[in-house]
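This report concerns only the one structure given below.
The values are calculated or read from the model by the stated rules, or taken from the named source; none is laboratory data. Because the structure is predicted, anything quoted here is derived from the model rather than measured. As a convention, Cβ positions derive from the backbone with ideal geometry for all residues, glycine included, and neighbour counts pool all protein chains shown. Note: areas computed on protein heavy atoms with side chains; ligands, DNA, RNA excluded. Shrake-Rupley method; radii C 1.70, N 1.55, O 1.52, S 1.80 Å.
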Amino acid sequence: METVNADQFAYWDGDAGHVWVRHQTRLDQLMTPLTQALLDRVGEASGLAILDLGCGCGETSLALAERGAHVVGVDLSSPMLARAVDRVGEAQNPMFIQADGATFEALEPLDLIFSRFGAMFFQSPADAFTHLRQQLKPGGELLLGCWQPPAENPWMSVGGRAIAPFLPPSGPGNDPRAPGPFAFSDPVYVTEILTAAGFDSIEFESVCETLLVAENIDAAVDFQCELGPAARAFKQLPEEVVQEALASMKQALGPFVTDQGIEMSGSIWSIKAVNQRG
Ligand SMILES: C[S@@+](CC[C@H](N)C(=O)[O-])C[C@H]1O[C@@H](n2cnc3c(N)ncnc32)[C@H](O)[C@@H]1O
């Protein structure tokens with residue numbers, strides 16, 4: 001597959017993709033309130049031609065197709081797309097294609113480019129969004145769900161902070177705008193990118209929800225260790241240090257135990273922009 005985002009292709013087409021497939025049901029459940037907020041903002045979708053950018057295992061592509069849209073889901077990850085294809089069965093809609101969203105040529109002019117957490121991984125985001133805008137009809141829209149900063153997302157940051165003292169130093173210069181889940185957490189930066197790409201009417205809505213992360217602390221720790229910052233780091237640590245770090249993570253998650261399980265808040269930007277050009 002041709003890509004201008006080779007590092008992300010290696011990451012998502014490899015282990016990370018398999019981890020997301022393994023946790024697909026839990027991840028989609030956890031994100032339900034955020035997904036709902038994004039879908040509500042789409043509004044009436046019947047008959048619309050929609051690209052689901054970085055569609056992963058297909059949850060939002062399926063939801064948009066159920067609302068009557070013609071959906072093409074595009075993603076770098078073959079394991080995640082295989083799950084998406086399984087979920088669709090015999091239906092032709094949504095259709096899934098393995099491609100780099102930065103260069104993908106849409107099969108027809110689009111009414112909407114939608115993405116739930118799949119738009120923050122481009123090496124050259126202004127170039128990618130210029131190309132994406134050109135796939136839209138005049139008046140076509142972009143709707144992106146992107147994480148707000150880690151401090152607004154305890155469900156992703158509390159566990160990582162608790163184990164940080166046990167991990168090797170991460171080296172200088174962690175660029176907060178480098179491709180990754182928080183790359184679009186700053187509205188000023190995203191506005192610059194989308195303006196440079198030729199979008200107009202750029203609007204940010206803040207969505208903050210309580211997320212059911214897991215049924216109990218042990219499950220929450222397991223989950224964080226597979227998907228969070230611990231996943232890679234723990235492989236290089238001696239067993240006794242891993243045990244200390246896990247104890248610290250459990251303690252940090254304690255205050256979030258409720259009758260329902262482990263509940264933590266998550267905050268995203270729901271970002272809308274319009275292609276006013278022809
Ligand atoms: C955090 S996951 C989100 C997946 C899915 N949208 C969801 O909400 O479950 C990010 C997704 O973006 C995809 N992705 C990253 N860079 C991409 C690119 N340049 N083109 C297409 N997909 C990309 C990854 O393969 C991955 O599936």
Within the range 36-62, track down each residue that is over 16 Å from the mean Cα position of the chain (by Cα) and open to solvent by less than 30 Å² (accessible area, probe 1.4 Å).
V42, A45, A49, I50
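Could you identify the single residue in A128, A99 that is of a type in the set (A, V, I, L, M, F, W, C) and within 22 Å of I268 (Cα to Cα)? Lay out the reasoning, then the answer.
Numbers: A99 fails: within 22 Å of I268 (Cα to Cα).
Matching residue, one of A128, A99: A128.
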The lone condition Q98 fails out of (1) at pLDDT below 95; (2) open to solvent by 70 Å² or more (accessible area, probe 1.4 Å); (3) not aromatic (F, W, Y) is (1)
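Can you name every residue in the range 203-223 that is open to solvent by 40 Å² or more (accessible area, probe 1.4 Å) and either β-branched (V, I, T) or away from the ligand (no atom under 16 Å from the Cβ) (or both)? Step through it out loud before you land on a result.
So in the range 203-223, the residues open to solvent by 40 Å² or more (accessible area, probe 1.4 Å) come out as 203-206, 208-210, 212, 215-216, 218, 222.
Within the range 203-223, E203, F204, E205, S206, C208, T210, L212, E215, N216, D218, D222 qualify.
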What's the number of the condition A16 fails, among (1) at pLDDT below 95; (2) more than 10 Å from the ligand (Cβ to nearest atom)?
(2)
Across the range 101-125, which residue is farthest from the ligand (Cβ to nearest atom) among those that are more than 15 Å from the chain's Cα centre (by Cα), among the small types (G, A, S) and surrounded by 15 or more Cβ atoms within 10 Å (Cβ to Cβ)?
A106
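Name the residue, out of A49, A84, A45, that is touching a residue at least 12 places away in the same chain (Cβ under 8 Å), of a type in the set (A, V, I, L, M) and within 13 Å of the ligand (Cβ to nearest atom).
Details: A49 fails: within 13 Å of the ligand (Cβ to nearest atom); A45 fails: within 13 Å of the ligand (Cβ to nearest atom).
Step by step, each of A49, A84, A45 is checked, and only A84 is touching a residue at least 12 places away in the same chain (Cβ under 8 Å), of a type in the set (A, V, I, L, M) and within 13 Å of the ligand (Cβ to nearest atom).
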